[in-house]
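Okay, so here's the structure we're looking at.
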Amino acid sequence: MESATNDVATMTIEGLVDILKEKKSFILSQDVARYIRFVGFDKGILSVNLEEGYPREIIKNLNHFFDENKYNIKVECSLERGEDTLEQKKKALFNKQLDEVSQNPILKEILTCFTNSTVANIEEL
């Protein structure tokens, strides 16, 4: 994304995390994925809600990041709940996939043979 005016309608938290990673702002990208709930993006203003336990300086850091990288975007807190955080979405997807694969008789058999074992990761082949 070169400027906010080019992609105003497509600004998402996923896109923001990608920009942060591209610019080597890894800690901020992790904080965004963990604590930011996307509410909306309109006229260069990114409206978000914050998840409990968020770092106090996250909004200041995001606004500083956009200023420093010459994006015409301002981040503001909203009273609206917004979407789930990226971390919550990822966890929900994993739980859904886990429910699906847990119905597989072969997996059930394996898990009964190895007591105290759990499914830690699911990858599509």
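Below, the figures for the structure above:
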quantity: The chain: relative contact order in percent, alpha carbon pairs under 8 Å with at least 6 residues between; calculated: 23
quantity: Rounded to 5, the percent of DSSP beta bridges in the stretch 25-93 classed as antiparallel; calculated: 60
quantity: Anisotropy class of the stretch 8-77 from Cα gyration tensor, a/c 1.5 cut; calculated: rounded
quantity: For Rg and Dmax of the Cα atoms in Å, calculated from these coordinates, the label among (1) 18.7, 58; (2) 15.9, 48; (3) 14.3, 46; calculated: (1)
quantity: Charge dipole (the chain, unit charges on Cβ, about Cα centre) - positive-most of ASN49, ILE110, ASN63; calculated: ASN63
quantity: Simple spin-label estimate for LYS60 and THR118 in nanometres, 7 Å along Cα-Cβ; calculated: 3.7
quantity: Dipole magnitude of the chain, debye to nearest 20 (Cβ charges: Lys/Arg +1, Asp/Glu -1, about Cα centre); calculated: 240
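Read-outs throughout are calculated quantities, based only on the coordinates presented, and are distinct from any laboratory measurement. Please read all numbers here as calculations on a predicted model, not as lab measurements. Using ideal geometry, Cβ is built from the backbone for each residue, glycine included, and neighbour counts are taken over all protein chains shown.
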